[in-house]
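Working notes for the structure below.
The values are calculated or read from the model by the stated rules, or taken from the named source; none is laboratory data. Quick caveat: nothing in here was measured; it's all calculated off a predicted structure. When we count neighbours, we look across all protein chains shown, and the Cβ atoms used for this are built from the backbone with ideal geometry, even at glycine.
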């Protein structure tokens, strides 16, 4: 892919919305992982000085940094994935190596999907996996989403599946826990803000499920996909993360997020590094790893770090809880050991994109709110440029 990492959110015009209704989670996942969304026709186009401008009759389905999929254009080099440089009321631009020209053809665009495969489906149920034609050595695990209820959807991993309801090698096992992902604190069509950061092998999904307030509580993140294993040819280096079932607006379940650090008990891999046995609980740790959530009020370092006025971004390392083997590292996500609650953010639903982080030259880093508590929601960072290591 020309742009391996994609960032989506509920504020993009034409984006599907998540609410406390059955099927809302799958509709959003289908859009960002499989189909794309916001298909539009281009009325006119131009290429001038290395910049292509596409004009529409309506508001474009894009934001700055959105990867759009262009089709039907001549010259054909304009087609395919393009990262948006600017957005106006009825136009977008992207960089191109094409000479100055007036493109022709029946040109369409849509927000480009991350590139996963949907293998099975039924009413409000879906099974997703990595494209094993493109990545034949990737873990063959499947992720099943049961979105038949309102407050939350059930998430589960399997090493193999034969239909939407039948699989083997489940993780976590029924004896371990049932994992859920929160959609909303209300059984209603009222929408909740969401963000997704993904490539074609790992997906991070954040939903601000707790109330419609843009200042109270942050976004609860879950994820699934293939991580970078310390073991070569690791057929089971595939993780699913989730939460406990949503039960009450005052309970602490929004703390249990993949953006938490030590003590994360809601992450499971397909099997141990030995390849033997059942699904296995793992712990996510990082430098100075004993605190409740990335960038939260319980994080140990002040911001900025007094000695060097620095900001530190740390990878999330995966440890098996039964034997404390260092299994690997999550791709793309960067945890923050500083107490940076509410800093750099206008509210608890908006991301801050920074292309000038000294430790990550040439990359855009997305700083995004994550849940810890009502008054002290934290910040998690993602590499939005890639490619990610798997």
The strands (runs of 3 or more DSSP E) lying entirely within segment 66-110 that contain at least 2 residues which are loosely packed, with under 14 Cβ neighbours inside 10 Å, over 23 Å from the mean Cα position of the chain (by Cα) and modelled with pLDDT under 95 are none
Residue set 27, 31, 57, 62; condition under 19 Å from the mean Cα position of the chain (by Cα) and in a loop (DSSP other than H, G, I, E, B); output residue 62
When every residue in segment 111-147 that is under 20 Å from residue 2 (Cβ atoms) and touching a helix residue (DSSP H, G or I) at 6+ places or on another chain (Cβ under 6 Å) is compared, the one surrounded by the fewest Cβ atoms within 10 Å (Cβ to Cβ) is 113
Those residues of segment 175-184 which are touching a strand residue (DSSP E or B) at 6+ places or on another chain (Cβ under 9 Å) and either free of Cβ contacts under 8 Å to residues at least 24 places away in the same chain or surrounded by fewer than 21 Cβ atoms within 10 Å (Cβ to Cβ) (or both) amount to 176, 177, 178
From the option list 263, 277, 293, single residue qualifying as surrounded by 17 or more Cβ atoms within 10 Å (Cβ to Cβ) and either modelled with pLDDT of 90 or more or in the same structural domain as residue 157 (by TED's automatic domain parsing) (or both) is 293
